[in-house]
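Values in this text are rule-based calculations from the coordinates and carry no lab data. Since the model is a prediction, treat every value here as computed from it, not as a measurement. A quick note on method: Cβ atoms are made from the backbone with ideal geometry, for glycine too, and the neighbour counts reach across all protein chains shown.
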Amino acid sequence: MVVVDGRGYVTGWNADAERLLGHPAEEVVGRPAADLLVEPVNGADLRRALAGNPERLSGPLALRHRDGRRVDVTVVAHHGVPDDPLDDPLDDPPNDPPDSWRVVCALTGSEPRPEDEDLAQWAFEQLPHCSVSLYDARLRYRHSNQSMVPVVGLPDSAVRGLGMLDITTQPQAVDLADGLRRALESGEPVYLESFQRTGGERRIHAWSVDFAPLKDSDGTVHGVALVAHDMTEQFWARKRLVLLNDASRRIGSTLDLDRTARELLEVTVPEFADFASVDLLVALEADVEPGEGELSGSVVLRRIAHRFAPGTRLPTVLEIGTTDSYPEFTPPARALATGGGVLCNADDPAFVHWMETDRRRAAIIRDQGYHSMVAVPLRARGVTLGVSVFYRRSRPDRMERFGQDDLLLAEELAARAAVAIDNARRYTRERETALALQHSLLPQRMPEQAAMEAASRYIPASTRSGIGGDWFDLIPLSGARIGLVVGDVVGHGIRATATMGRLRTAVRTLSDLDLPPDELLTSLDDLVVRLSSEAGATGEVGEIGATCCYAIYDPVSRTCTMASAGHPPPVIVPPEGTPAAARLSIGPPLGVGGLPFEATTVELAEGSLVALFSDGLLETRERDVDDGYRRLCQVLADAGPSLEAACDAVLADLVAGRPRDDVALVIARTSALDDDHVATWDVPADPSAVATARKAVSQRLSEWGAGEEIYPAELIVSELVTNAIRYAAAPITLRLIRDQVLICEVSDASSTAPHLRRARDWEEGGRGLMLVAQMAHRWGTRHSLTGKTIWAEIPLH
């Protein structure tokens, strides 16, 4: 061994070099290496060799012995000298620079020794992890090494002279025989992968098989060597990595809980197991996350997903959506209690005990042929969600039971799936909470009243939360009137929904005061201004804004009074006319503050349609508001008698899928109360008129067949008419309305409203309204431009 530095000088020389060339180290080290050559090296040849492999050179070289004779050697030169050479170290290894070359020289022309044949034979026989069989030119078995004998399962003497299909009947034998034939006929190596059992085993092995043609010096093929490497562990390790990669890519693609559970099963069945299921703790349904101590003992689980391998015979033990109780000794319960996976085979005592206590489960498992199972808990963020169970049975391409590596893989898959399932569960819970909140803030059903028939729809926007700030309402008012309102809070999400709830409550509260639409919007505007100020004071981002359209329909006068705060005007469809948007003076949106609103009154024929909606119905990416109004009018023009069908037709035409903005829609058909339901009298400002009014009311109620309501009606009318005569101003009007309740109204020209109080013992007055409040279902006061109206409602039996 010689070391030559980058300048071509010898820097290292060992004892074998001295024995080969006769030079001691002290004569050579420090001299040019070229002095040792018989003839100089051809520079062109050296450059070509370096271009092919700059790290190592090899080839013949003629060196000069110390006594002058020629020594032919074969050299192997390595560029760069390791700090601690392992083979044949130098006697005095120098501190070589990185550009040094280490040159190893060996005498050329050495012949094989007789014992080399023995080494070759021993190598063939004793090669570990490499099974070799030899076949002759007729592809008859001749010989195997020691590693192949257990694979074949028979000694050479039993199978020598047989073909491949005579030795084994496994399905893969046809492929092996074909590989031998192709290698023999083509004279080229052939490769294939095979899956089969070894002799005497039930386990399927993965084999890497090479078919090497055996040729003489003339190239004639005299046989084929079958060289097989058992790569079962590597194969399954690769399959596990592929499975994990597939799981990370496919599990959790959505935030749907059931879909996420099915994705876990789609990844694992049939690649990993022949049956798999996902069961969640029933306790989670009550929004309770059980602690570790609460998971001991029996547990109740609900099946949310399962999957069978092809060819499975039904039925299953548990249907999707049903629950089952697992005693504490069962694998699922043990997995939940310990927080780790549980591996069981069919002959394990714990599994046998489980089957003895659950005969139906045992019969189904026995019929399916399952021989091993793995139960792993689903845990995420310190919370136990449930358990996933995997069963495996014997099949042609896989017969082995679950092992420890499979248990680790199942735990890894379950850990990844648990995070996705927990994400889906939390999202579902939050979404259901938000939807329940919004659902509770919207009308559950339309109130029953005679003023109009109505139908409604609400579609949340396609946002992450799925909730928004649109709302609608129908509010029964005094005098058989009805209030219709549609509003839209700016933005989406839980904040917009909460603001919507506050505004809807405010509208209902203000409507109880019988405010006209313009005054109600003015009060609502003040509220939004205050809410915006409060939001800014607490550091909340963004101002609160909203739009609203409020209308009051009176079935007696058949008039509709409307006002809008930045909201699209409703569409009115007369019974025999053309649909058109109502001509309103649209005020500013709520929250601007300080600007007035204007009310508009229109007379509606009986049977007219009134459609109120939010702007999400009209405006989309594809159309503007004008086009939306045009299409809405076309649909309403063809509306039939069913309002529900009309709502569906409007949404089908104007809303495609989930809209960008919330959509609220109310379609109402007006009714009218004729003279058979309304009676009106002018009352003189004379105390004697009280008796006349009482008599007129009694007579009309008798005509209406409301005999049981005569006494309370007479009492209420007496008190209200008396108060109007004593304390108010003419003209005084008495009106009875027979709707779902009996309504008594007394109107006068005074703006002073009475109030309920408790009279003292010595006071002569102050008890009339107390009697009215006790006899009536409800009562109140509403003001108008010309005075006020005191009204009271009496239930009809």
The residues 140, 425, 66, sorted from fewest to most surrounding Cβ atoms within 10 Å, come out as 66, 140, 425
Expected unfolding gain across residue 557-residue 229 under the 0.36 nm per residue rule, minus the alpha-carbon gap, is 108.3 nm
To the nearest 10 degrees, the tilt of helix 710-727 (Cα long axis) against the first principal axis of the alpha carbons of the chain is 70 degrees
Per the 1/(1 + (r/R0)^6) rule, R0 = 30 Å and r from the Cβ atoms of residue 266 and residue 444, FRET efficiency to 0.05 is 0.15
For the stretch 693-702, in residue order, the Karplus 3J(HN,Hα) values (coefficients 6.51, -1.76, 1.60; θ = phi - 60°; whole Hz; Gly and Pro = x) are 5, 4, 5, 5, 5, 4, 5, 5, 5, 5
Here the gain from full extension of residue 631 to residue 346, 0.36 nm per residue of separation minus their alpha-carbon distance, amounts to 95.8 nm
Rounded to whole angstrom, the alpha-carbon centroid of the stretch 287-347 lies from that of the stretch 674-692 at a distance of 77 Å
Whole-Å distance linking the alpha carbon centroid of the stretch 505-521 with that of the stretch 260-286 is 54 Å
Between residue 691 and residue 526, Cβ-based FRET efficiency (R0 60 Å, step 0.05) works out to 0.80
The stretch 642-670 and the stretch 107-135 have their Cα centres apart by a whole-number Å value of 87 Å
Mean Cβ-within-10 Å packing, highest first, puts peptides 277-289, 642-654, 154-166 in the order 277-289, 642-654, 154-166
Rounded to the nearest 10 degrees, the helix 625-637 long axis (Cα) sits at an angle to the longest Cα principal axis of the chain of 70 degrees
Quick calc: nm separation of the 7 Å Cα→Cβ label points for residue 106 and residue 751 -> 12.1 nm
Contour minus Cα-Cα span, residue 674 to residue 412, at 0.36 nm per residue, comes to 86.8 nm
Ranked from fewest to most other Cβ atoms within 10 Å of their own Cβ, 631, 658 fall in the order 658, 631
Between the Cα axis of helix 173-186 and the main Cα principal axis of the chain, the angle (0 to 90°, nearest 10) is 50 degrees
Taking a crude spin-label model, label points 7 Å out from Cα along the C-beta direction, the residue 404 to residue 722 distance in nm is 9.9 nm
Calculated from DSSP helices alone, with each H run of at least 4 adding -39500 (n - 2.57) and the total divided by the residues of the chain, [θ]222 nm to the nearest 500 comes to -10500 deg cm²/dmol
In this structure, the FRET efficiency calculated for residue 286 and residue 783 from their beta-carbon separation, with R0 = 56 Å, to the nearest 0.05, is 0.65
Simple SL model, points at 7 angstrom along Cα→Cβ for residue 113 and residue 509; separation in nm is 10.8 nm
